[in-house]
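Colleague: Sharing a structure, written as structure tokens. Questions coming.
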Amino acid sequence: MLKKSSLFLLFSIPLLAKNPFFQPLPFKEAIIEYNLSGTQKGFQTLYIKNYGRYRVYYKNLKTNFLNKNKKKESYIIETPKWVYSLNPDKTALRTPNFKYLLYIRYKDLSKEDQKQVLKNLKLLNFLPIKDTRFKIAKNFTKINDISCDLLLQKAKRECYGYKGSLLLKSKIKFLGFNSTKLLYNIFETKTDPKLYDLSDIKIKDDKLKSVQLYELSAKIINLLKRKLNPKNIFINVKEKDKDVNEIIQEGIKSLQDI
């Protein structure tokens, strides 16, 4: 297992302006609102700064699962290098930004491997894959007049816009639990700088999750180093193949009323 000191030394690497795993949003600052339904009901507000390089996720939800009702608020700050999960007592758990971990590994590749990674990222339309087994339906639909690419990964079905840089809708369904998140408003406006302020927060590294993310980044980069076969990745919704229809029924139809 990677030692904590080894993992966090990697963050002395300069963050270049062009991280190929980060795709900028078409607006500099914005407030984006989501509705949460299903087993979890409530709302999420996403605050955007610097074309999405800095993000704040505020979520207020009520969960009804296994006959138990729970109310929860969560507050997450994402920077180009780190993700901070804040607690009410002004403490936060810190993990590396997964896009930056991928960038670190990408920088260590040969020029030839880097070219192949870039080709695959363009092929996947920069969708944020976090598993080596996935399916994609490009230009699946539109949400709020934004073109949406469907990404199927395990129990998650997600639709992304703007080259994978903004989640438009997601649905998770397993073992009686189901949750749907749907974007319904984007306000292009300045956001309060205090939202991103960590000066009074006591920060602790989440060592276990950080190492898990680091190991996952190795698997994703190893996948992207190979020439991907589009036939194994993309769903053509017009095909009549039985296997494809099964995927559509399981994945696409689970995005109800999309």
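The values are calculated or read from the model by the stated rules, or taken from the named source; none is laboratory data. Note that the coordinates shown come from a computational prediction; the quantities given were computed from them, not determined experimentally. Note: ideal-geometry Cβ built from the backbone for every residue, glycine included; neighbour counts use all protein chains shown.
Colleague: Please specify each residue of region 153-203 satisfying the condition of being part of a loop (DSSP other than H, G, I, E, B), aliphatic (A, V, I, L, M) and either free of Cβ contacts under 8 Å to residues at least 60 places away in the same chain or loosely packed, with under 12 Cβ neighbours inside 10 Å (or both).
Modeller: ALA155, LEU175 - these are the residues of region 153-203 that are part of a loop (DSSP other than H, G, I, E, B), aliphatic (A, V, I, L, M) and either free of Cβ contacts under 8 Å to residues at least 60 places away in the same chain or loosely packed, with under 12 Cβ neighbours inside 10 Å (or both).
Colleague: While we're looking at this one, here's another question. Please go through region 131-147 and pick out each residue that is without any contact (Cβ under 8 Å) to a residue 40 or more places away in the chain and over 14 Å from the mean Cα position of the chain (by Cα).
Modeller: ARG133, ASN139, LYS142, ASP145, ILE146, SER147 - these are the residues of region 131-147 that are without any contact (Cβ under 8 Å) to a residue 40 or more places away in the chain and over 14 Å from the mean Cα position of the chain (by Cα).
Colleague: Here is a further query. Got a number for residues in region 1-43 being modelled with pLDDT of 95 or more and either under 30 Å from PHE177 (Cα atoms) or of a type in the set (D, E, K, R) (or both)?
Modeller: Matching residues across region 1-43 total 6.
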